[in-house]
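These notes concern the structure reproduced below.
The values are calculated or read from the model by the stated rules, or taken from the named source; none is laboratory data. These numbers come from a predicted model, not from an experiment. Every residue, glycine among them, receives a Cβ derived from its backbone with ideal geometry; neighbour counts consider all protein chains shown. Each accessible area value is taken on the protein alone, full model and side chains, heavy atoms only, with ligands, DNA and RNA left out. Shrake-Rupley method; radii C 1.70, N 1.55, O 1.52, S 1.80 Å.
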Amino acid sequence: SKAAAQAAHNGDGVARESSPELLAKVLARANLPRAEHIVLGAQDGESASVFAHPPGTLAVASTTVLTPFDSDLYFFGQVAATDALNALYAVGAEPIAAIALACLARDADGEAEEQLEHLLSGAVEQLY
């Protein structure tokens with residue numbers, strides 16, 4: 001979205017790793033489409049992905065770390081996905097996979113699952 005493209009970075013967060021169980025629950029609800037080139041990935045409950053790489057093509061990967069700058073994590077997921085796509089388009093690459101690195105505040109109130117779901121839902125909407 002235009003608003004996602006105009007968003008500015010303005011904050012810090014305390015990082016922590018999500019449990020595999022929490023990630024599996026959120027990914028099960030993310031409604032990720034199965035792409036034919038993905039052999040093994042998030043849809044299988046894996047934290048790593050394997051994709052078929054056709055001969056004669058090049059793989060391009062890009063990673064950007066963004067600190068949430070807005071309390072609306074759905075919007076932030078859209079911004080993060082837009083940023084990732086832009087990095088690939090800038091070098092003429094066609095996106096075939098996405099990697100999400102999510103750092104959320106410590107889960108003192110048990111809200112990490114809901115926060116992660118909002119963030120990934122925004123990203124998925126922007127990607128697909």
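Restricting the range 101-128 to residues that are open to solvent by 70 Å² or more (accessible area, probe 1.4 Å) and without any contact (Cβ under 8 Å) to a residue 60 or more places away in the chain, the residue that is nearest to PHE76 (Cα to Cα) is HIS118.
Here LEU58, LEU66 are screened, and the one residue that is open to solvent by 70 Å² or more (accessible area, probe 1.4 Å) and either over 20 Å from GLU125 (Cα atoms) or out of contact with any Gly (no Cβ under 6 Å at 6 or more places or on another chain) (or both) is LEU58. Being free of Cβ contacts under 8 Å to residues at least 60 places away in the same chain, surrounded by 14 or more Cβ atoms within 10 Å (Cβ to Cβ) and farther than 20 Å from PHE69 by Cβ is the filter here, so list the residues in the range 79-96 that pass it. Hits for the range 79-96 are LEU88, ALA93, PRO95. Where helices (runs of 4 or more DSSP H) sit wholly within the range 1-105, those with at least 1 residues that are modelled with pLDDT of 80 or more, out of contact with any Asp or Glu (no Cβ under 6 Å at 6 or more places or on another chain) and of a type in the set (Asp, Glu) occupy 73-90.
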